[in-house]
1. Those residues that are within 17 Å of VAL83 (Cβ to Cβ) and outside any strand (DSSP E or B), I need them from the range 118-141; list them, please.
2. Given (1) assigned to a strand (DSSP E or B); (2) farther than 23 Å from LEU64 by Cβ, identify the lone condition not met by LEU248.
3. Could you give every pair whose Cβ atoms fall below 7 Å, whose first residue belongs to the range 182-199 and is farther than 12 Å from LYS65 by Cβ and open to solvent by 10 Å² or more (accessible area, probe 1.4 Å), and whose second residue is modelled with pLDDT of 95 or more and of a type in the set (Val, Ile, Thr), counting only separations of at least 6 or pairs across chains?
4. State yes or no: is VAL247 touching a Gly at 6+ places or on another chain (Cβ under 6 Å), surrounded by 18 or more Cβ atoms within 10 Å (Cβ to Cβ), in contact (Cβ under 8 Å) with a residue 40 or more places away in the chain and closer than 28 Å to VAL62 by Cα?
5. Select from the range 161-183 the residues that are within 19 Å of VAL63 (Cβ to Cβ), out of contact with any Asp or Glu (no Cβ under 8 Å at 6 or more places or on another chain) and not charged (D, E, K, R) and list them in ascending order.
6. Go through the residues of the range 254-274 one by one and say whether even a single one is in contact with a Cys (Cβ under 7 Å, 6 or more places away or on another chain), open to solvent by less than 10 Å² (accessible area, probe 1.4 Å), under 22 Å from THR79 (Cβ atoms) and in a helix (DSSP H, G or I).
7. Considering only the range 303-318, state which residues are in contact with a helix residue (DSSP H, G or I) (Cβ under 8 Å, 6 or more places away or on another chain) and surrounded by 16 or more Cβ atoms within 10 Å (Cβ to Cβ).
8. Could you please give the count of residues in the range 146-181 that are open to solvent by 10 Å² or more (accessible area, probe 1.4 Å) and in a loop (DSSP other than H, G, I, E, B)?
Amino acid sequence: MTRREVLAGAAGLTLLSGCGKEQPPVPSRVSIVRAAAYDQRLYGTVREMLAQHNLNVRGQRVVLKPNLVEFDPQTTVNTHPMVVHAAYEALLAMGAASVGIAEGPGHRRNTLDLADAAGYFRLVPKFEDLFVDLNVDDVSRVEPKRNPSSLEKLYLPHTVLGADLVVSMPKMKTHHWVGATLAMKNLFGTVPGAVYGWPKNPLHWAGIHESIAMLHSVFPRQFALVDGIVGMEGNGPIQGTPKAAGVLVAGSDPVAVDATCCRIMRIEPAKVAYLELAATGVDSHLIERNIVQIGVPISAVAMAFELPPDFPHIRLKS
């Protein structure tokens, strides 16, 4: 058989399967809801958001991964514990076999002290029994299949590798090294400090954007729930200014969730390098037409976050 005959046969199969038309990508669902404050209404709001996405967690092991970085009572750096507890209770009610909370901060070595200062012991009953410090967890070697970074392998904690579902729960913030830190960047906290040090510099040396995209590819099943009730703008992720955005954003595709958060922050997603690396061509859920928005529209909640000094170019044009 000649090369021309092979190509002709392949073209014929395409016509039969798609009736001669290119098949559109399957849209990704992202929900946006207003949430004005950290109060008891959050429990119902989070429960309804998870129900919108038809998450099947019955009998499964779920790990919630909040963003715990530093604590400063004058600002808002970390994922609020009430959002995390609301997700914990909702997922148990949906039939999850277990729901744990895990984090590996890149700056602080005493993770429990940080969690205590951030209010987790006060607002999450039996927090210490539910929590795993990923910085010191047992690890296994992983060789990512899709890896744009210069790291050939990773050592990652058993707690997250063994989860049926990893729920990334970041704070909506700007970031002085990557522009914006959301669900994908939050996965840096799954990398153990006991192996990679504090603040996990090998990932930075391997290319910070490339390492974020690599980590995203490691976990096959993720869900993202972004705390944007009070985020951070300016010189984030630690030294910025609180920004009351009054939203929660959620979905099963972190690329689509992060792209939606960027648009709320008036950031152009295509100019955030790690999102571009994780996206896949014309079918990418980075593209707004490939995302189905549930709840309030972006236009109803969008507000321009002040950008980090080195990132004026990522501003989303009107």
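1. Pass one, the range 118-141, residues within 17 Å of VAL83 (Cβ to Cβ): 118-125, 127, 130-131.
Across the range 118-141, the qualifying residues are ALA118, GLY119, TYR120, PHE121, ARG122, LEU123, VAL124, PRO125, PHE127, LEU130.
2. (2)
3. ALA194/VAL136; VAL195/VAL139
4. Values: touching a Gly at 6+ places or on another chain (Cβ under 6 Å): yes; surrounded by 18 or more Cβ atoms within 10 Å (Cβ to Cβ): yes; in contact (Cβ under 8 Å) with a residue 40 or more places away in the chain: yes; closer than 28 Å to VAL62 by Cα: yes.
Considered against the rule, which asks whether it is touching a Gly at 6+ places or on another chain (Cβ under 6 Å), surrounded by 18 or more Cβ atoms within 10 Å (Cβ to Cβ), in contact (Cβ under 8 Å) with a residue 40 or more places away in the chain and closer than 28 Å to VAL62 by Cα, VAL247 comes out as yes.
5. Step one: of the range 161-183, the residues within 19 Å of VAL63 (Cβ to Cβ) are 161-171, 182-183.
With out of contact with any Asp or Glu (no Cβ under 8 Å at 6 or more places or on another chain) added as a condition, the list becomes 161-168.
Those that are within 19 Å of VAL63 (Cβ to Cβ), out of contact with any Asp or Glu (no Cβ under 8 Å at 6 or more places or on another chain) and not charged (D, E, K, R): LEU161, GLY162, ALA163, LEU165, VAL166, VAL167, SER168.
6. Scanning the range 254-274 turns up at least one residue that is in contact with a Cys (Cβ under 7 Å, 6 or more places away or on another chain), open to solvent by less than 10 Å² (accessible area, probe 1.4 Å), under 22 Å from THR79 (Cβ atoms) and in a helix (DSSP H, G or I).
7. Once the filter is applied, which keeps residues that are in contact with a helix residue (DSSP H, G or I) (Cβ under 8 Å, 6 or more places away or on another chain) and surrounded by 16 or more Cβ atoms within 10 Å (Cβ to Cβ), the range 303-318 yields LEU307, ILE314, LEU316.
8. 13
The values are calculated or read from the model by the stated rules, or taken from the named source; none is laboratory data. Everything numeric in this text was worked out from a predicted model, so none of it was measured. Positions of Cβ are backbone-derived with ideal geometry, glycine not excepted, and every protein chain shown enters the neighbour counts. When the accessible area is computed, the model is the full protein with side chains, heavy atoms only, and any ligands, DNA or RNA have been set aside. Shrake-Rupley method; radii C 1.70, N 1.55, O 1.52, S 1.80 Å.
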